[in-house]
Amino acid sequence: IELNTTPTQLTFFLLTGVPGLEDIQIWMSIPFSFMYVLAVLGNVLVMAVVVYDRSLHEPMYLFLAMLAFNDVLLCTVTVPQMLLIFWQGPLEATFPACLTQMFFVHALFLSESAVLLAMAFDRYVAICIPLHYTSLLTSSIIGKVGLVLIARSVAVVTPGVLLILRLDFCRSNIIHHTYCENMGIAKLACNSFTLNSIYGLSAALLTTGLDFVFISLSYWLILKTVLQLPSKEARTKAFGTCGAHICVILIFYTLAFFSFFTHRFGHHVSRHTLILLANLYLLIPPTMNPIVYGIKTKEIRMRVV
């Protein structure tokens with residue numbers, strides 16, 4: 001739906017799905033539906049196990065429950081709408097609804113990264129300074145950490161939404177995507193969206209980027225400590241407690257950074273590839289996390305069985 005060149009306030013956007021793959025979207029919905037059901041069931045199961053088994057009310061498992069809760073929200077914000085587009089064709093989204101979805105997509109992504117950082121700190125304290133573990137990671141502190149994670153996400157994402165509100169739209173209301181995200185909306189503006197682009201890049205680097213740096217630093221210190229342990233059994237046990245978390249970190253950040261840099265600098269990458277990447281980096285981690293923790297974490301695996 002093309003608009004005239006007079007700046008106006010849009011009342012709705014039209015989400016078209018994956019450009020160039022419209023004819024096979026109905027078939028694409030099958031693996032995406034399967035992954036979504038698997039993600040929701042797996043993460044709900046992890047949450048239920050941690051909540052109802054009092055022996056698992058320890059920092060490591062409480063952070064795992066936070067991650068599972070965030071994962072359910074993260075994929076639910078985007079996947080049902082994507083499936084609706086795959087099944088029924090282009091979907092109208094009102095301007096407020098689109099901004100709301102954009103807010104939650106980016107906020108939940110940031111909180112996912114922050115929970116992974118908290119989990120890395122938990123493993124660092126447990127392995128490098130175990131005598132301070134119970135005093136540093138009490139239930140009260142874990143609750144406060146959860147609130148800080150939420151506050152950080154809101155504080156970082158809200159300016160991005162406000163920057164969208166300052167834009168005038170006069171070109172088109174068609175978004176070639178399956179969900180509303182910052183630059184997808186900003187690029188429809190008839191005035192400059194440079195500030196939106198700069199803020200989005202800076203916010204990503206100063207939050208997710210720094211999280212990854214601190215996680216890497218934590219595991220470097222953990223590796224140094226583990227290699228100094230006297231017995232092979234102790235080293236194996238220490239690596240075992242970190243194995244699942246390392247797998248989850250690699251899945252999350254590899255997909256996120258690949259998608260982010262491909263969008264920014266992959267000018268020769270086809271549009272449908274970019275859209276599929278943008279969906280997969282929000283769906284694959286929630287799908288894989290409960291599987292990885294179920295396989296790698298003995299306590300979770302035993303409770304589920």
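The values are calculated or read from the model by the stated rules, or taken from the named source; none is laboratory data. On a predicted model such as this, the values are computed, not experimentally measured, just so you know. Cβ placement follows ideal geometry from the backbone for every residue including glycine, while neighbour counts extend to all protein chains displayed. For accessibility, only protein heavy atoms count, side chains too; no ligands or nucleic acids. Shrake-Rupley method; radii C 1.70, N 1.55, O 1.52, S 1.80 Å.
The table for this structure:
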| quantity | calculated |
| --- | --- |
| Qualifying positions in the stretch 146-164 - touching a residue at least 60 places away in the same chain (Cβ under 8 Å) and either more than 18 Å from the chain's Cα centre (by Cα) or under 19 Å from PRO96 (Cβ atoms) (or both) | VAL161, ILE164 |
| Within the stretch 153-174, tally of residues that are touching a Ser or Thr at 6+ places or on another chain (Cβ under 7 Å) and under 26 Å from LEU280 (Cβ atoms) | 3 |
| Whichever residue in the stretch 217-253 is surrounded by 13 or more Cβ atoms within 10 Å (Cβ to Cβ) and of a type in the set (S, T, N, Q) and, among such residues, is nearest to PRO290 (Cα to Cα) | THR241 |
| Residue list for the stretch 168-184, restricted to those being farther than 20 Å from HIS272 by Cβ, in contact with a Pro (Cβ under 9 Å, 6 or more places away or on another chain) and not aromatic (Phe, Trp, Tyr) | ASP168, CYS170 |
| Residue that is farther than 23 Å from ALA65 by Cβ, of a type outside the set (A, V, I, L, M) and assigned to a helix (DSSP H, G or I), where the choices are SER197, SER113, SER135 | SER197 |
| Among the residues listed as ALA120, ALA93, ALA114, ALA126, the single one being under 30 Å from GLN228 (Cα atoms), surrounded by fewer than 21 Cβ atoms within 10 Å (Cβ to Cβ) and touching a residue at least 24 places away in the same chain (Cβ under 8 Å) | ALA126 |
| Test for PHE69: is it of a type in the set (Phe, Trp, Tyr), open to solvent by less than 10 Å² (accessible area, probe 1.4 Å) and either at pLDDT below 95 or closer than 28 Å to VAL213 by Cα (or both) | no |
| Boolean, VAL18 is crowded, with 20+ Cβ neighbours inside 10 Å, aliphatic (A, V, I, L, M) and over 15 Å from LEU283 (Cβ atoms) | no |
| Only listed residue being open to solvent by less than 20 Å² (accessible area, probe 1.4 Å), assigned to a helix (DSSP H, G or I) and not hydroxyl-bearing (Ser, Thr, Tyr), chosen from ILE24, ILE85 | ILE85 |
| Residue among ALA244, ALA256, ALA278 that alone is among the hydrophobic types (A, V, I, L, M, F, W, C) and at pLDDT below 80 | ALA244 |
| Residue, surrounded by the most Cβ atoms within 10 Å (Cβ to Cβ), within the stretch 259-275, restricted to residues that are assigned to a helix (DSSP H, G or I) and touching a Leu at 6+ places or on another chain (Cβ under 8 Å) | SER259 |
| The stretch 32-90 - residue that is among the aromatic types (Phe, Trp, Tyr) and touching a helix residue (DSSP H, G or I) at 6+ places or on another chain (Cβ under 8 Å) and, of those, nearest to LEU21 (Cα to Cα) | PHE86 |
